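**Q** There's a structure below that I have some questions on.
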Amino acid sequence: MRILITAGPTKEYIDPVRFISNSSTGFFGYQIAAEAARRGHKVTLISGPVCLIPPKKAKFIPVVSALEMKKAVEKHFPGSDCLIMSAAVADYRPVTVSPQKIKKEKGPLTLKLKRNPDILSIIARKKKNRVVIGFALETGGLKKNAEKKLKGKNLDYIVAVAINNKKCPFGDQKIPVTIISRTGKIETLVSDKKSLSRIILDKAEAAKYHYNASKI
Ligand code: C5P
């Protein structure tokens, strides 16, 4: 398969040195990319700024902002069989980007933000028989919110990760995930991201096989 994977955070610059972002390490997406390349898939990895080395066999496209990621996904999605959107895309960006470093003043500073486009929902509308897998980080109502995103974003699978304040879900430790399929199958498991990557790719391969078989 030709698999397009997004990973890492996006950075939304406020001025030349400050930005809005999140603590995504990109680890999960890079693990998925490595496993997909190891299985012989043709991998394109679009990544926000992280401190990881992309798999040698993958085509690597570094991006910074959500708008850059959107452009790259739109360019590469048509030539893909599967999109795995693990990036933690910033939902907002500053309305204006100051060309100069913003000077501190005595009073509070108000930043005006605007919504970034939802890359996944825009692109998945045109999925046809491509496999599309999304991720969801939730602090509450995991299953209900993930099911809503699965349907709302037209996904084949959603990988939902629960966040609580005690345990940060970013990094390489074992995490509890709930994987929900388009057909309503729900699986909850606790594992490390390497093993979870294998499970996610097994599902992507099976879904593609199913789409191909139903075309015949
Ligand atoms: O709605 P929420 O942000 O929780 O959805 C998460 C999923 O949507 C992830 O797969 C993420 O990569 C994707 N997403 C996106 N564009 C955004 C926000 C999230 O593609 N602006």
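**Q** Just to verify a number: FRET efficiency for residue 206 and residue 96, C-beta to C-beta distance, R0 = 45 Å, to 0.05?
**A** E between residue 206 and residue 96, to the nearest 0.05, is 0.45.
**Q** For residue 103 paired with residue 163, estimate the spin-label separation in nm (one decimal), with each label point 7 Å from Cα along the Cα-to-Cβ line.
**A** Those two pseudo-labels are separated by 3.6 nm.
**Q** Let me ask something else. Restricting to Cα pairs below 8 Å that are 6+ residues apart, what does the relative contact order work out to for the chain? Please round to a whole percent.
**A** 20
**Q** Starting from the Kirkwood radius over alpha-carbon pairs of the range 73-171, derive D by Stokes-Einstein at 10 °C in a medium of 1.306 mPa s and give it in µm² s⁻¹.
**A** The estimated diffusion coefficient comes to 99 µm²/s.
**Q** Of the beta bridges DSSP finds with both residues in the chain, what % are antiparallel, to the nearest 5?
**A** Of all bridge pairs located within the chain, approximately 40 percent are antiparallel.
**Q** Still on this model: Let me see the P(r) profile for the range 34-101: every Cα-Cα distance counted, bins of 5 Å, each bin given as a percent of all pairs.
**A** 3, 14, 24, 23, 17, 8, 5, 4, 2, 0
**Q** Please say if the chain is rounded, prolate or oblate, where rounded means a/c under 1.5 for a ≥ b ≥ c the square roots of the C-alpha gyration tensor eigenvalues, and otherwise the choice is prolate for a/b larger than b/c and oblate otherwise?
**A** Prolate, since a/c reaches 1.5 and a/b exceeds b/c.
**Q** Let me ask something else. Could you work out [θ]222 nm for the chain from helices alone, using -39500 (n - 2.57) per DSSP H run of at least four and dividing by all its residues? Round to the nearest 500 deg cm²/dmol.
**A** Result for the chain, helices only: -9000 deg cm²/dmol.
**Q** Which ³J(HN,Hα) values in Hz, rounded to whole numbers, follow from the phi angles of the range 182-199 under the Karplus curve 6.51 cos²θ - 1.76 cosθ + 1.60, where θ = phi - 60° and Gly and Pro get x?
**A** Per residue, the Karplus-derived 3J(HN,Hα) values read 3, 7, x, 6, 10, 10, 10, 8, 10, 7, 7, 5, 5, 5, 5, 4, 5, 5 Hz.
**Q** Along Cα→Cβ, 7 Å out, is where each label goes; now give me the distance between the ones at residue 51 and residue 139 in nm to one decimal.
**A** That separation, rounded to one decimal, is 2.6 nm.
**Q** Rounded, prolate or oblate for the range 64-122? Axes are the square roots of the Cα gyration tensor eigenvalues, ordered a ≥ b ≥ c, and the cut-off for rounded is a/c under 1.5.
**A** prolate
**Q** What translational D, rounded to a whole number of µm²/s, comes out for the range 102-150 from Stokes-Einstein when the hydrodynamic radius is the Kirkwood one over Cα pairs, at 25 °C and 0.890 mPa s?
**A** Diffusion coefficient, whole number: 168 µm²/s.
**Q** Starting with the fewest neighbours, write out 61, 186 ranked by other beta-carbon atoms found within 10 Å of each beta-carbon.
**A** Neighbour counts put them in this order, fewest first: 186, 61.
**Q** Quick one: which residues, 5+ away or cross-chain, put their amide H under 5 Å from the amide H of residue 113? H built at 1.01 Å from N.
**A** 95
**Q** Okay, next question. Taking H placed 1.01 Å from N in the peptide plane, check which residues at least 5 places from residue 92 or on another chain put their amide H under 5 Å from its amide H.
**A** 116
**Q** For a quick check: with amide H placed at 1.01 Å from N, whose amide H comes under 5 Å from residue 43's, ignoring anything fewer than 5 positions away on the same chain?
**A** Placed amide hydrogens put 3, 59 under 5 Å from residue 43.
**Q** Quick one: 3J(HN,Hα) in Hz for the range 59-71, Karplus 6.51/-1.76/1.60 with θ = phi - 60°, rounded, Gly and Pro as x.
**A** 7, 10, 10, x, 9, 10, 9, 4, 5, 5, 5, 4, 4
Bear in mind these aren't lab numbers, they're just calculated from the coordinates by the rules spelled out. What you see is a predicted model, and the numbers here were worked out from it, not measured in a lab. A quick note on method: Cβ atoms are made from the backbone with ideal geometry, for glycine too, and the neighbour counts reach across all protein chains shown.
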